[in-house]
Amino acid sequence: MEYWSKIIPDPMQLTAAGTLAYLLLLGSAIFSEALEDAPALRCDVKTVAVGDTQYSVGDACGPPDKITRSGGRTVENWDYNFGPTDFIYYLKFINDRLERIQVAEHGYIEE
């Protein structure tokens, strides 16, 4: 128990500024959203999964909002922002095959 008291301060012993900093740090740890791997992505009525080709993903989901390339044409990253009622998805293709699907925070409307 003594170990944790050195790492996590007692909020009752903090100054007002220290308490605010502690709460901000605690809140950011709770609400931070990391990328999570997903086995598949549902676009309208079609589902795409790891192993699908770029053509089949484009056919199912439409054109991505952003494409970045590295390693010539061997690696492409496609970003899909489906708006504030859904999430942002990051798709990684290697040699035309979908290798990874990651889910991020809620999407947004671009102005």
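Read-outs throughout are calculated quantities, based only on the coordinates presented, and are distinct from any laboratory measurement. Note that the coordinates shown come from a computational prediction; the quantities given were computed from them, not determined experimentally. All Cβ positions, even for glycine, are placed from backbone atoms using ideal geometry, and neighbour counts span all protein chains on display.
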Exercise for the section: Collect the residues in segment 63-111 that are touching a Pro at 6+ places or on another chain (Cβ under 8 Å) and aliphatic (A, V, I, L, M), keeping them in residue-number order. Expected result: Leu91, Ile101, Ile109
Practice task
Would you mention how many residues in segment 64-111 are of a type in the set (Val, Ile, Thr) and either loosely packed, with under 13 Cβ neighbours inside 10 Å or touching a Cys at 6+ places or on another chain (Cβ under 6 Å) (or both)?
Solution key: 5
